[in-house]
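Below you'll find the structure, written out as structure tokens, and then a few comments.
The values are calculated or read from the model by the stated rules, or taken from the named source; none is laboratory data. Being a predicted model, the structure only gives us computed values, none of them experimental. Neighbour counts run over all protein chains shown; Cβ positions are idealised from the backbone, glycine included. Surface accessibility is based on the protein's heavy atoms, side chains included, excluding ligands, DNA and RNA. Shrake-Rupley method; radii C 1.70, N 1.55, O 1.52, S 1.80 Å.
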Amino acid sequence: MKDVDIICGRFCFFAGITSILAKCGIRKTDSTVATSLRTMVILLFSWLIVWIVGSGSQIAGDQWRNLTVLVLSGAATGASWLCYFRALQTGDINKVVPIDKLSTVLTILLALLFLGEGISLRKMVAVFLIAAGIFLMIEKKDVKDQKADGKSGWMLYAAGSAFFASLTAILGKIGISGVESNLGTAIRTAVVLIMAMGNGFITGKEKDIKKIDRKELVFICLSGIATGVSWLCYYRALQEGPASVVAPIDKLSVLVTVVFSYFVFGEKLTGKALAGLLLLTAGTVAMAVVS
């Protein structure tokens, strides 16, 4: 598991800075438009890697079942992204990210049901710590504040992001078996782009692309690159390790996000939220150790 841990550490960092860069890029830019642009960058990045490693020939092989599942995984990712960046645009990073991390608990449960990955007593304790940490980071006043500001939707969008993210991990684990991980990432990204652009045309927001501030465009592109690197690492780890372990380690990216959000946006954690972050971290580390 040492190689998997190293890979997981890399995607934790890049996943963490993704939220910060994305937040910088959607202060004025519509979240749907930003998602489309970011996905274009990731698509170019991922297919470049596929070309470098020469794994594109698998498309013409006998991997159609796996590729179909990867397409479904991409659809789940697209839904998760649309929800996540909508929530990120209207809510604080320190509040949106913890709710999104509920996908950890859902992923572990789905891995038990569909992948047969067992849950030991120590793993159950780790899950409890993760769940408790997440709920501690969500305070009652946040719900009241968001309603007062007319932003009552961000929490629902964040919850939707968590649900679809858990489906992404399970479907990705099934589909990545026998398929080169970089190719799997590229295929999923293409599906996400189709969904994001389709949503943009349906809502009539594709016209807003010309109005994007240049500075925000740079942050959106950087966010796409960070996400691309994160995905390449994530699906390589998912290919080599169990989904119930890889998914929780991925959530350590919240540490990177919280640190950067403090220095970039001045967002501070309360004592209760800090305790929740510590529990979330302890549960994630315990999950990696027991496995």
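Which entries in 173/268; 123/272; 23/210; 173/205; 215/268; 28/95 show an alpha-carbon gap greater than 30 Å?
Cα-Cα > 30 Å for 173/268; 173/205; rest within.
Using a/c under 1.5 as the rounded threshold, could you call the stretch 182-238 rounded, prolate or oblate? The axes a ≥ b ≥ c are square roots of the C-alpha gyration tensor eigenvalues, and prolate needs a/b larger than b/c, oblate otherwise.
oblate
Shape of the stretch 50-134 from its Cα gyration tensor (a ≥ b ≥ c, root eigenvalues): rounded if a/c is under 1.5, otherwise prolate when a/b > b/c, or oblate?
Oblate.
Return one whole number: the accessible area per residue of the stretch 27-86 in Å², for a 1.4 Å probe. Write out the running numbers ahead of the final one.
On the way: 2860 Å² over 60 residues.
Accessible surface, normalised per residue, equals 48 Å².
Under unit Cβ charges (Lys, Arg +1; Asp, Glu -1), what dipole magnitude, rounded to 20 debye, does the stretch 154-291 have relative to its Cα centre?
280 debye
For the stretch 156-291, rounded, prolate or oblate, judged on the Cα gyration tensor with a ≥ b ≥ c (square roots of eigenvalues), a/c < 1.5 rounded, else prolate if a/b > b/c?
oblate
Using the heavy atoms of the protein chains alone and a 1.4 angstrom probe, what is the accessible area of the stretch 175-269 per residue in square angstrom? Present the calculation step by step, with values, prior to reporting the outcome.
On the way: 4130 Å² over 95 residues.
Here the per-residue accessible area is 44 Å².
Could you give the length gained on full extension between residue 48 and residue 119, defined as 0.36 nm per residue of separation minus the Cα-Cα distance, in nm? Show your work: numbers first, answer last.
Details: separation 71, 0.36 × 71 = 25.56 nm, distance 3.83 nm.
Difference between extended and current length: 21.7 nm.
Grab the Cα-Cα distance for residue 263 and residue 128, subtract it from 0.36 nm times how many residues apart they are, and report the gain in nm with one decimal.
On the way: separation 135, 0.36 × 135 = 48.60 nm, distance 3.01 nm.
Separation in residues times 0.36 nm, less the Cα-Cα distance, equals 45.6 nm.
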